[in-house]
Amino acid sequence: MRKVLGILFGLMVLGALAGAAGLGVMYLHFSRGLPDYQQLADYQPPVMTRVYAGDGRLLSEYAIEKRVFVPIKAMPRRVIDAFLAVEDKNFYQHSGVDPLAILRAATTNLANFGSDRRPIGASTITQQVAKNFLLTNEVSLARKVKEMILAYRIEQAIPKDRILELYLNEIYLGFGSYGVAAAALNYFNKSLDQLTVPEAAFLAALPKAPNNYNPVRRPEQAKARRDLVIGRMIEDGYLTQAEGRQAQIAPLEVRERGKSDVSRADYFAEEVRRQLVQRYGEGALYKGGLVVRTTLDPRLQSIADDALRQGLVAYDRRHGWRGPIAKLQTVQGDWAKALKALEIPKGIGHWQLAAVLETFDAAATVGLADGRRGTIPMGEMSWARRTIEKQKLGPPVRRPGDVLAVADVVAVELAQADRDNKPYPANTYALRQLPKVGGAVVALDPHTGRVLAMSGGYDYELTEFNRATQAMRQMGSAFKPFVYLPALENGFTPASIILDAPFVIDQGPGLPKWKPANYTHRFYGPSTMRLGIEKSRNLMTVRLAQAVGMEKVVKTAHDFGIVDQMPEILSMALGAAETSLLKLTTAYAMLVNGGKRITPTLIDRVQDRHGKTVFRHDKRECPGCGEAPADEPLAVPTLPDTRDTVIDAATAYQAVAMLQGVVERGTATRLRELNRPLAGKTGTTNDSTDGWFIGFTPDLAVGVYVGFDAPATLGQQEQGASVAVPIFKTMMEQALKEAPSIPFRIPPGVRLVRVNAETGIPARPGDRDVIMEAFKPGTEPVPGREAVVLDGGQPLAAGMLPTGGRSGGATPGLY
């Protein structure tokens, strides 16, 4: 017997040795070529970049994997407890592999063999980290062995808290969420510290199979899994029985992010994205976890979007009907099904598609995709005259059949009242059409350059082309203030007299003579500089540019950031050079801020994933900020003005005062209805191709541009005053509704003199058209000493000049 026992013992020893040797060989075999686990100590998971509006609301997110990294020390205990309870209860006790969990899983799986129950696993959190970060998802014994080896090695090299931090920030939890912080936002619209116990338990229920526990598609399975996690938390002592029961009773409710939490500014956000890529690269944008604070004012942005859309639609209606969107084969039978099958055009917004079912003498009957019927009265389609070449119109609409035909598919909008504000019956609709013309609006703070709103087109869905920054267009008369500026810097005053008379230049052999003309094709004789800019006189502007010298005009355009390299030719004085709306609006802003240089910016500050500021637009230092004792109030710091001077403040104010006259007496008089201190300048290019208005109050500069993406005429009667000014007016009416009325600030050294607005001479008793004109000391007008600038800047006695007539010829830049 003893001999038998000895043999058995020997066999057991040999078996153990053989097993140990086998394990050793297997360990050595699978250890070869394993990934470097040491990299996990310094691993930085890809984190999404989040862009915020000026009021703190989310504007956009950029990521390959939507993840918000949260350090383990900042994670709420209830979240950690929930994951440990269901994923790895012995996490802080084992060394990477949990033998008890393996034994428990093996026993349970053997007991369930042959049943429909899913086998349970025994992977620890460390094993999952090894698999997710270093291995593949291959299902094989070899991968499992490698996973165990790596888990053991990771535990020897990396602290437990770091392993748990990597796990909780890396795992995919469904709804496009990587990591627990992103999941908390996507499922519950909450930050981690706001999660309740039931919500934390639900997130912990997801790692095994997020799609199986989708709370929208499978609410019962999702709640059952959540309640199981809560049960585990009770078993492990994280919750009392009473707390657990209360948590299990709670309903499982998904909360999407509300519209009030997210700002909408598609063109603005895309411009920010482009700048971030240019500055930091795509890797940093989509994986670097940047936090970007922008300058966007959501209220102003909404106003700008609405004003631009209204203005473009109004222009489009003036130029007629281009026809239906589509046509159904028939309206007999199920027309609603056929209508619903059509693809909804991009940019249609809150409008609806409708099929024309019948037309009558005074209305048309239409059907909507949901089967409802409605009516388009004649008054809501009378604008729809047929559009023909060069924005001209066909004959007036006399009956609905002139516009619509049965089976036409058109865009409609619910109409409330007619032009006399008389309410319409229910289900009355107005005919609508997506505008073909493009446009843009920019609003910025003239003192800092912060872009508060940017709308680059009618709808971002139609095109991503941003007409505020990417469209380079001729300026027309919107450039004229920058011809007048060097004149004011070189001895001229707003009351200086300039000849408005024919102007001819010989361009050389074989070339026609250049004969610029006023918009009205008339000339007006001697006129003040103020009148020249208020009425946008081309002949006066060209003569002034010649007198001052185009080299000074070119330098001014460069100094104000309008055009970097402008040819020194006279046609440039009439706005023949190209620039963007943002650049030109920034230049005007530098007039109203007293001649100080500003750089337009959409970004206030950028922080990296660790909170370190890597970019700040305002680079001024703030000595002493935050250094006051805790028991003393912090005084408001005085920050230095580090802006460079572009032009003398007195000169800038003279330009502002003249541009205020454009609103009071010139080409933008419709803005007087706002009853606010406003200034600005219209601009229209040759053949009415582009329409501009750039204007400002003392604390807000706004630019508007309207034109086709493929340059074409806006129409013979269209100009900046008709296409851009109404958009500016609509925007300012809303933007300034609650703001106080502030007059333009007058810098020291400027002398205000009562003069006749038309002649510029000192006002006499009884004069009616009297204004306060701005002069620099020593330049005030003296009666009888006015001069007129002729070719080359030579003065000529006023009595020798013509006083009226007509001018002709093409003009490179019209007003």
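The values are calculated or read from the model by the stated rules, or taken from the named source; none is laboratory data. Everything numeric in this text was worked out from a predicted model, so none of it was measured. When we count neighbours, we look across all protein chains shown, and the Cβ atoms used for this are built from the backbone with ideal geometry, even at glycine. Calculation scope for accessible area: heavy atoms of the full protein, side chains included, ligands and nucleic acids excluded. Shrake-Rupley method; radii C 1.70, N 1.55, O 1.52, S 1.80 Å.
Things to note:
- Potential lengthening between HIS521 and ARG245 on full extension [0.36 nm per residue; Cα-Cα distance subtracted]: 90.7 nm
- Computed with a 1.4 Å probe on the full set of protein chains, the accessible area for LEU300 sits at about 10 Å².
- Cα gyration tensor shape of the chain, rounded if a/c is under 1.5, else prolate or oblate by comparing a/b with b/c: prolate
- Calculated [θ] (222 nm, deg cm²/dmol) that DSSP helices of n ≥ 4 give over the chain, each run adding -39,500 (n - 2.57): -10000 deg cm²/dmol
- Carbon/sulfur fraction of accessible area - the chain, other protein chains in place, 1.4 Å, %: 53
- Applying 1/(1 + (r/R0)^6) with R0 = 41 Å to the Cβ-Cβ distance of ALA326 and LEU228 gives a FRET efficiency near 0.20.
- Candidate aspartates and glutamates - alpha carbon under 14 Å from LYS422, same-chain residues fewer than 8 apart omitted: GLU380
- Label zone of SER95 (point 7 Å out along Cα→Cβ, amide N under 11 Å): in segment 151-175 this covers 152-153, 155-156.
- Sites ASN212 and ALA405 - FRET efficiency at Förster radius 41 Å, r taken between beta-carbons, to 0.05: 0.15
- For ARG398 and SER382, the difference between the fully extended length at 0.36 nm per residue and the C-alpha to C-alpha distance is 5.0 nm.
- Under the simplified labelling scheme, the GLN221-GLU621 pair shows an inter-label distance of 6.3 nm, with each label point 7 Å from Cα along Cα→Cβ.
- Between ALA341 and GLU568, the simple label model (points 7 Å from Cα in the Cβ direction) yields a spacing of 6.9 nm.
- Checking the cross-link pairs LYS73/LYS223; LYS223/LYS287; LYS515/LYS596; LYS160/LYS612; LYS346/LYS390; LYS190/LYS612 against a 31 Å limit on the alpha carbon distance flags LYS223/LYS287; LYS515/LYS596 as lying beyond it.
- Among 668-675, 557-564, 449-456, 195-202, the order from most to least packed when residues are scored by Cβ within 10 Å on average: 449-456, 195-202, 557-564, 668-675
- Remark: the Cα gyration tensor places segment 154-193 in the oblate category, a/c being 1.5 or greater and a/b not exceeding b/c.
- Around the Cα centre of the chain, unit charges on the Cβ atoms of Lys, Arg, Asp and Glu (plus for the first two, minus for the last two) sum to a dipole of about 1140 debye.
- Sorting the segments 756-768, 676-688, 308-320 by their mean number of nearby beta carbons within 10 angstrom, highest to lowest, gives 676-688, 308-320, 756-768.
- Relative contact order of segment 573-616, pairs being alpha-carbon contacts under 8 Å that are 6 or more residues apart, as %: 22
- Mean sequence separation of contacting Cα pairs (under 8 Å, at least six apart), scaled by the length of the chain, corresponds to a relative contact order of 12 percent.
- Packing-based ranking, highest mean first, of 343-351, 414-422 given that Cβ atoms within 10 Å are counted: 343-351, 414-422
- Available extension along the chain between GLU733 and HIS558 is 59.7 nm, counting 0.36 nm per residue and deducting the alpha carbon span.
- Solvent exposure of the chain as accessible area per residue, Å², 1.4 Å probe: 48
- Helices in the chain that qualify as membrane-span-like (whole DSSP H runs, Cα extent of at least 27 Å along the helix axis, mean Kyte-Doolittle hydropathy of 0.5 or higher) are 2-31.
- Computed label-point distance, nm, for sites THR599 and VAL636 using a 7 Å Cα→Cβ extension: 2.7
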